[in-house]
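S.K.: Below you will find the structure I want to go over with you.
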Amino acid sequence: MILADTSAWVEFDRATGSAVDRRLTSLISEDGPLAVTEPIVMEVLARAHHGPREDDLRRLMLRFDLLRFDAAVDLDAAMRIYRRSRHAEIIPKGMVQCMVASVAWRSGAALLTSDRTLIRIARVVGIEVDRASLHGQSSTHGQSVQPGQPTAAPPAAPARRARRR
């Protein structure tokens, strides 16, 4: 199962021609093992223009498997993913990234994303990342990152300034 995140759907909607756009297009046209989850549907539809385009995207996304967001489990897991990421000096762009990672981890789905931060989060928590997501990611040498496999350490974050008290 492949969980396409918001960035993948944006690539598709904009027809960027990127590896992620081509992969999602292929999964859609071939009725591949594609999934969505409620936080992704929410983000994609919030960014869509109101009206027919929003309706078209909703119908398209809901054709595929829905990996339900389980608030009782996934909110706690998202918090833990956020903390593990911060400990590894990766700063998630928001909690929705961690919620998506939680659903992918719990369901065993691979992530299809063009979001470099989400790819780094996936490495930290052991989520498989679809090969198309890794196109241009020099530290992975074009290989997928699978649970249980050792991965290259994420690039070091810039030095942080001390907090003021």
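The values are calculated or read from the model by the stated rules, or taken from the named source; none is laboratory data. None of these values were measured; they are calculated from a predicted model. Cβ coordinates were reconstructed from backbone atoms using ideal geometry, including for glycine residues, and neighbour counts include every protein chain displayed.
S.K.: Would you confirm whether any residue within the range 48-57 is out of contact with any Pro (no Cβ under 7 Å at 6 or more places or on another chain), under 25 Å from Ala19 (Cβ atoms), touching a residue at least 40 places away in the same chain (Cβ under 8 Å) and surrounded by 14 or more Cβ atoms within 10 Å (Cβ to Cβ)?
M.R.: Within the range 48-57, one or more residues are out of contact with any Pro (no Cβ under 7 Å at 6 or more places or on another chain), under 25 Å from Ala19 (Cβ atoms), touching a residue at least 40 places away in the same chain (Cβ under 8 Å) and surrounded by 14 or more Cβ atoms within 10 Å (Cβ to Cβ).
S.K.: Looking only at the range 16-39, which residues are on the phi > 0 side of the Ramachandran plot and modelled with pLDDT of 95 or more?
M.R.: Matches in the range 16-39: Gly17 only.
S.K.: I've got another one for you. From the set of residues in the range 19-39 that are among the β-branched types (Val, Ile, Thr) and more than 13 Å from Asp5 (Cα to Cα), which is surrounded by the fewest Cβ atoms within 10 Å (Cβ to Cβ)?
M.R.: For the range 19-39, the residue satisfying everything is Thr25.
Every residue, every condition in (1) out of contact with any Cys (no Cβ under 7 Å at 6 or more places or on another chain); (2) at pLDDT below 95; (3) crowded, with 24+ Cβ neighbours inside 10 Å, yes or no:
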{"position": "Gly94", "(1), (2), (3)": "yes, yes, no"}
{"position": "Cys98", "(1), (2), (3)": "yes, no, yes"}
{"position": "Leu111", "(1), (2), (3)": "yes, no, yes"}
{"position": "Thr117", "(1), (2), (3)": "yes, no, no"}
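S.K.: Sticking with this one: Out of the range 43-77, which residues are touching a Ser or Thr at 6+ places or on another chain (Cβ under 9 Å), aliphatic (A, V, I, L, M) and within 27 Å of Asp13 (Cα to Cα)?
M.R.: Result: Val44, Leu66, Leu67.
S.K.: So which of Ile2, Ile40, Ile81 ends up being under 25 Å from Arg131 (Cβ atoms) and more than 12 Å from the chain's Cα centre (by Cα)?
M.R.: Ile81
S.K.: Oh, and also: Does the range 40-61 hold any residues that are at pLDDT 90 or above and closer than 16 Å to Asp5 by Cβ, and which are they?
M.R.: Selection gives Ile40, Val41, Met42, Glu43, Val44, Leu45, Ala46, Leu57, Leu60, Met61.
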